[in-house]
Amino acid sequence: MWEFFKMHWRDGVEIYILAALAYYLFLFFRATRGARILTGLLVLLLSLTLISRLLELAVINWLLERFSVFLVVGLVVIFQPELRRVLAELGSHRLFSFGNQENEALDELIEAMKLLSARRSGALFALQRHIDLKPYAESGVELDAAITPELITTIFHPKTSLHDGGVIVDQGRLRAGGCVFPVSQREVRDRAIGLRHRAGLGITEETDSIALVVSEESGALSVCFKGEIAHDLEPEELKETVTRILQGGGLRKKTLEIEEGKAHEKGR
């Protein structure tokens, strides 16, 4: 046994690394839009390979071997948004954490969201973390202002020019307003998920930011993170969820699992 271990321990390490890599890739890509495409493509390829081997179809075997090169390129195209987000996270270097000043700013932000919710005024915020949101900030108007409920409710007043866009929050300050965020392309049948929620999902699919949404129709408070959304939260739950994410956690409860063509609520 010892001789066998000395000869093959590297094989075990390789199997462990590959298994862990495959598992985490599965967790990362399983809820993406491209996952369905990949599943269908793999089923088709495996079926053709099995049939061609059983029936000894030489031409199809030759085509499948050559097709594998194009498959790699196709996977890069299919998962381009997800790969871009992963590489951006790996390449980021600026750390984000909430100190006492930022905690006070978060309290002010949630207080402003409560006021907006009571007035049925829609709002969208993106809390910057590791990945710089400068490209999205440049699509809006620079603010560089302290977070106050009065200022935020003014920004999202229906008759102001900035109310339709999103606000970027960086280091406890309002960095820019009226910003254009990428809209998630995944289909959602739940009517509670409107355009602001899609923009919140979109910015968290492209970056590692946290998006906060106030529904214009119902006044419900939501949190988006990594392409998932916790919907219809109480203000205390909202603060607890944001704090947990900033400390390295994730969404836990009232999470809507968004898939192509459907959405359902599940507990975590």
Practice item. Kindly indicate the residue of the range 87-118 that is surrounded by 15 or more Cβ atoms within 10 Å (Cβ to Cβ) and farther than 18 Å from LEU238 by Cα and also modelled with the highest pLDDT among those meeting that condition. Key: ALA88
**Study point:** Test result for HIS264, modelled with pLDDT under 90, part of a strand (DSSP E or B) and under 16 Å from LYS114 (Cα atoms)
**Key:** no
**Study point:** the range 180-218: number of residues that are modelled with pLDDT under 90, closer than 12 Å to GLU228 by Cα and of a type in the set (Gly, Ala, Ser)
**Key:** 1
Exercise for review: From (1) touching an Asp or Glu at 6+ places or on another chain (Cβ under 9 Å); (2) more than 20 Å from THR241 (Cβ to Cβ), pick out the condition that doesn't hold for ILE155.
Suggested key: (1)
Study note, to complete from the structure: In the range 149-161, anything closer than 16 Å to LEU212 by Cβ and not aromatic (Phe, Trp, Tyr) is listed as PRO149, LEU151, ILE152, THR153, ILE155
Point to revise | Candidate set: the range 203-254, residues that are among the charged types (D, E, K, R) and in a helix (DSSP H, G or I); chosen: the one surrounded by the most Cβ atoms within 10 Å (Cβ to Cβ) | key: GLU205
Exercise for review: Answer yes or no as to whether GLY172 is over 15 Å from the mean Cα position of the chain (by Cα) and modelled with pLDDT of 90 or more.
Suggested key: no
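The values are calculated or read from the model by the stated rules, or taken from the named source; none is laboratory data. This structure is a prediction, so every number in the text was calculated from the model and none was measured. So basically every Cβ, Gly included, is an ideal-geometry build from the backbone, and we count neighbours across all protein chains shown.
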